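The values are calculated or read from the model by the stated rules, or taken from the named source; none is laboratory data. These numbers come from a predicted model, not from an experiment. All Cβ positions, glycine included, derive from the backbone under ideal geometry; neighbour counts span all protein chains shown. Side chains included, ligands, DNA and RNA excluded: accessible areas come from the protein's heavy atoms. Shrake-Rupley method; radii C 1.70, N 1.55, O 1.52, S 1.80 Å.
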Amino acid sequence: MVLVGSPLSATHTHLRSTPTNLLPAISSMTSSYKNRFPYYPLPQTFSLPWLPSSYYRTATNNPTLASFSSSAQVQAPSKMLPFVSNRTTLFTRYTPDDWYRSNLTNYRESETSRHNSERLRVDTSRLIQDKHQQMKKTQTESTKNLGERVNDIEFWKSELCHELDEMIGETNALTDTKKRLERALAETEAPLQVAQECLLHREKRMGIDLVHDNVEKQLFTEVDVIRSCQERMQRYLDRAKAQLASNRAAQHEVERDLADKQTAHRIDGKCHHLRNTSDGISYYRGVERVDATISVPDSWAKFTDDNILRSQSERAASAKLREDIENLLVVTANEMWNQFNSVNVAFTNRIAETADAKSKIQTHLAKTLQEIFQIEMSIENIRKAIRDKVPPLKVAQTRLDERTRRPNVELCRDSAQLRLINEVHELDETIQSLQQRLRDAEDTLQTLVRAKAVLEHDLAIKANSLFIDQEKCMGMRRRFPCTARLLGFV
């Protein structure tokens, strides 16, 4: 029989410790959290309502205790549990109603906790599923955007490759054209030197042949034409060098943009093929807060488009310059060839004129020499005639002198005397006329000799002019560059 206030009933005065939570201790699960992921504090948007603290708060059970009596509160600890023998009245801590109410309270709290836990589990499962679907959707959209970005980069990369190939081809073509222009410009030095040497040689003409004839005019025109062609070629050569520099600058920009596109294509392609099971994925704390971008899609596309447009513009200018250089080479070659032919025609005409003049001089010289011979024979005949008249004159004068010695009246002015006087006069007149004719013949001979000297000098001048024009000048002009060399192909 158990007495009231016995130790068995007194044991109810000591409350049994109530478990403060319904979940296993965290310390018992630490092994399951080790070496999984590094801890990073999540932003406020990723905080979840089902933190462990909510479990602890929800599962906490704090039962309501009955109030102690005032006598029990003021008694010393040693007198809290009196023995039955010492008790005089019946003492109880709880009533049966308290006991039933406590049980009902525990039932309701347990049921409430179970309902809350079930609802939390359902919400958590739905939340996990929703977040998983959202994560898959977001990752799919990111992968799709990366794929579109890779396609955009591939498109612009193909455009840059095509433009780079076109620019390289255009630059090579312009370089070849520039080399042709340089060769053509170098080939103009020989014709210019030939024309200048022709002018220098023609300065060695003598006498009357040193004239400003059509050949000299054409030679001066040829020098001016060649120098004009050289000036135009040099201007276009400078333009070609500047255009090549512009082409290389545009090509460098395209190559740099293409290299950047290739790097970006490799990186974005790698990112596009990354999966949750790929190797090399890791945490990069704070990377989402780093904004290293310097362009937007519009400015990114505009940058490449501007580079391509600049390259196309430079290519168009280069092609136009090449066409102008081709036309210039054809025009200059035709101008120099036409002037070269004009000079040659002038030389040919002048050589023909000089040869004709030389031939005529030679004819006149031959006639003059024949006439000199004839006049010399005539002079010799006159002198002989004069010498032949001396004896008759002497005879007549001797006769007259002898007849002056006739004595006295014998000095008669008879017909013989008159005839002798007339004979002397006739012989004197004849000798004087012959002597005058001799002087005239001698003067004529001197004139013929002077004419002969003039003709011989003029013949030497014409021979010198013919040698200069025909041998020296035309001999040099046989080495004029061909059309292929003037066009820069050789």
Read phi for every residue in segment 446-451 and hand back ³J(HN,Hα) as whole Hz from Karplus 6.51 cos²θ - 1.76 cosθ + 1.60, θ = phi - 60°, with x for Gly and Pro. 5, 5, 5, 5, 5, 4
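Placing unit charges on C-beta atoms (Lys and Arg positive, Asp and Glu negative, everything else neutral), compute the dipole magnitude of segment 114-230 about its Cα centre in debye, rounded to 20.
Magnitude of the dipole: close to 1380 debye.
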Computed over segment 137-216, protein heavy atoms only, probe 1.4 angstrom, the accessible area per residue in square angstrom equals 53
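If the viscosity is 1.567 mPa s and the temperature 4 °C, what translational diffusion coefficient in µm²/s does Stokes-Einstein give for segment 156-226 when Rh comes from Kirkwood over Cα pairs? Spell out each step's value before the answer.
On the way: Rh = 15.9 Å.
The estimated diffusion coefficient comes to 81 µm²/s.
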Once the principal axes of the Cα atoms of segment 428-482 are found, what is the range along each, listed largest first in whole angstroms? 81, 10, 7
Taking the convex hull of the alpha carbon atoms in segment 186-248, what volume per residue do you get, in Å³? 59
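Considering only DSSP states other than H, G, I, E and B, which trypsin sites (Lys or Arg not before Pro) in segment 226-305 qualify as loop sites with at most 15 other Cβ atoms within 10 Å? Please report the intermediate quantities before stating the final value.
Details: sites: Arg227, Arg232, Arg235, Arg239, Lys241, Arg248, Arg256, Lys261, Arg266, Lys270, Arg275, Arg285, Arg289, Lys302; in loops: Arg275, Arg285.
Filter output for segment 226-305: Arg275, Arg285.
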Taking the Cα centre of segment 298-429 as origin, work out the dipole magnitude from +1 charges on Lys and Arg Cβ and -1 charges on Asp and Glu Cβ, in debye rounded to 20. 1000
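Once you compute Rg and the Kirkwood Rh from C-alpha atoms, what is the Rg to Rh ratio for segment 391-452?
1.33
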How large are Rg and Dmax for segment 217-341 when calculated on the C-alpha trace, in angstrom? 27.0, 92
Cα Rg, Dmax, segment 358-432, angstrom units: 22.0, 77
Base-10 log of normalised Debye intensity for segment 364-490 (one unit scatterer per alpha-carbon) at q = 0.11, 0.14, 0.18, 0.21 Å⁻¹: -0.67, -0.81, -0.98, -1.11
Taking alpha-carbon centroids only, segment 413-490 lies from segment 221-289 a number of Å equal to 84
What percent of all Cα-Cα pairs in segment 320-366 falls in each 5 Å bin, counting up from 0? 6, 18, 12, 12, 9, 10, 7, 8, 5, 5, 4, 2, 1, 0
Residue-by-residue Karplus 3J(HN,Hα) for segment 259-265, coefficients 6.51, -1.76, 1.60, Hz, glycine and proline x: 5, 5, 5, 5, 5, 5, 5
Toward the positive end of the charge dipole of segment 206-279, about the Cα centre and with charges on Cβ (Lys, Arg +1; Asp, Glu -1), which of Ile208, Leu219, Ala264 goes farthest? Ala264
Rule-of-thumb check for segment 281-437: C-alpha Rg over 2.2 N^0.38 Å? 3.75
